[in-house]
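What follows is a short report on a single structure.
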Amino acid sequence: GAVVSQHPSWVICKSGTSVKIECRSLDFQATTMFWYRQFPKQSLMLMATSNEGSKATYEQGVEKDKFLINHASLTLSTLTVTSAHPEDSSFYICSAEADRGETQYFGPGTRLLVL
Amino acid sequence: DAKTTQPTSMDCAEGRAANLPCNHSTISGNEYVYWYRQIHSQGPQYIIHGLKNNETNEMASLIITEDRKSSTLILPHATLRDTAVYYCIVRVADATNKLIFGTGTLLAVQP
């Protein structure tokens, strides 16, 4: 149990385009989902926390207008990287928890390359 | 947020126990210790967590000192597939319950 999926697993796009990444909890309902970013040889950095049906809470330094998060249902959250630039190239990972304080389970990650 | 300190890297022989230490001297009484691992180019995998008592599951054992200022993750019989970065995380005890990742320990299991 506790499986989280992400789609796509990797994406290559041109600079200036927008990219949407989906995060799904497959066998449980997630009241809260988290989005992380990881650059090569670095640790995971929390970008934002999203709760179903409400606006996401962004970490300091993360542009909310650039990284749009939608948590429309208890099993789906999406991250849209708007007007992507090469510096947005990274490994994006989501996690989900069934209830507040429960164990977070992570997706396999989405590798984004912006040319 | 309670910070954790872990060695940057460790080696372990295949088939032997791997003992990964973690210091969290500023942990609060209601904060849990979580362990995750990340195999190269994958999302983190949950291993185990605990508050005060030692814990064991099918993957590992977690030993927490009585003063809760440090803990040790034990993989009883390490295999090559256990090579990964292991993260010890103190879970923030507020409304967000965030996980703040440190740099972790790169465990290299040697044949």
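Here are a few things to note about the model shown:
- Carbon + sulfur, % of accessible area of the protein assembly as shown - ligands and nucleic acids excluded, 1.4 Å: 51 percent
- Residue order for A:Ile69, B:Ile63 - accessible surface, 1.4 angstrom probe, largest first: B:Ile63, A:Ile69
- Prolate/oblate/rounded call for region A:20-76, Cα gyration tensor, a/c under 1.5 rounded: oblate
- For chain B, averaging the sequence separation of C-alpha pairs within contact (under 8 Å, six or more residues apart) and dividing by the residue count gives a relative contact order of 36 percent.
- Solvent-accessible area lost on pairing B with A (1.4 Å probe, both sides summed) amounts to about 1500 Å².
- Only alpha carbons enter this Debye calculation for chain A, each as an equal point scatterer, and the log10 of I(q)/I(0) it gives at q = 0.13, 0.17 Å⁻¹ is -0.43, -0.75.
- Per the Debye calculation on region B:33-111 with a single equal scatterer at every Cα and no solvent contribution, log₁₀ I(q)/I(0) for q = 0.11, 0.14 Å⁻¹ amounts to -0.29, -0.47.
- Stokes-Einstein D for the protein assembly as shown, Kirkwood Rh over Cα pairs, 25 °C, 0.890 mPa s (µm²/s): 135 µm²/s
- Take A:49-61, A:86-98 and order them by the average number of nearby Cβ atoms within 10 Å per residue, most first; the result is A:86-98, A:49-61.
- The mean number of Cβ atoms from other chains found within 10 Å of a Cβ in peptide A:95-104 is 3, as a whole number.
The values are calculated or read from the model by the stated rules, or taken from the named source; none is laboratory data. Just so it is clear, the structure is predicted and the values come from calculations on it, not from any experiment. Cβ: placed from backbone, ideal geometry, glycine included. Neighbour counts: every protein chain shown. Ligands, DNA and RNA are stripped out before the accessible areas are found, and what is left, the full protein with its side chains, is counted by its heavy atoms. Shrake-Rupley method; radii C 1.70, N 1.55, O 1.52, S 1.80 Å.
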